[in-house]
Amino acid sequence: MKSLDCGHFPSPHGEHTTGTARFNNEEMCWDCAYKIEKGDAIKHGNIFAYLSEDGKKVTNWPGMVFSDNLHFLCNMTDNFGGERTYLRFRFNGDVWSGFAMGKGMYLRARKTKLKSLY
Ligand SMILES: [Zn+2]
């Protein structure tokens, strides 16, 4: 088996069978992709992630969890009729604030100076 650009071999993750992701044209395993995504989010203070299908977790695309400590604020409809769910969650010890396009959909958030999710 050929190793990925990160030096690891593709491996199964949970119910998924392939474990690769692409970053800057490099193919890497989901563990490495997760570490890079997490590191980038913390460095830049913003994150592009997903709200899980059950609405209880913030995850990356393969479903690896960034946060399972969420607080929902409100739902809003934007000018184009799209639903947005505003939320806060705890990630890397900080409170992050942003919005999701719905369960199982993407989410954008920024790090805040808030001490509490509420
Ligand atoms: Zn790897």
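The values are calculated or read from the model by the stated rules, or taken from the named source; none is laboratory data. Treat the numbers as computed from the prediction; the structure is a model and nothing was measured. Reconstructed Cβ throughout: ideal geometry from the backbone, glycine too, with neighbour counts over all protein chains shown.
Worth a mention:
- Looking across the stretch 76-94, not a single residue is touching a His at 6+ places or on another chain (Cβ under 6 Å) and either of a type in the set (A, V, I, L, M) or in a loop (DSSP other than H, G, I, E, B) (or both).
- Positions within the stretch 55-90 being at pLDDT 95 or above and acidic (Asp, Glu), in sequence order: Asp68
- Test: residue in the stretch 26-42 that is at pLDDT 90 or above and more than 16 Å from the ligand (Cβ to nearest atom): yes
- Residues in the stretch 100-118 that are in a strand (DSSP E or B) and among the hydrophobic types (A, V, I, L, M, F, W, C): Ala100, Leu107, Ala109.
- Filter pass, Ser97 being without any contact (Cβ under 8 Å) to a residue 60 or more places away in the chain and assigned to a loop (DSSP other than H, G, I, E, B): no
- Qualifying positions in the stretch 43-55 - free of Cβ contacts under 8 Å to residues at least 60 places away in the same chain, surrounded by 14 or more Cβ atoms within 10 Å (Cβ to Cβ) and of a type outside the set (S, T, N, Q): Tyr50, Leu51, Gly55
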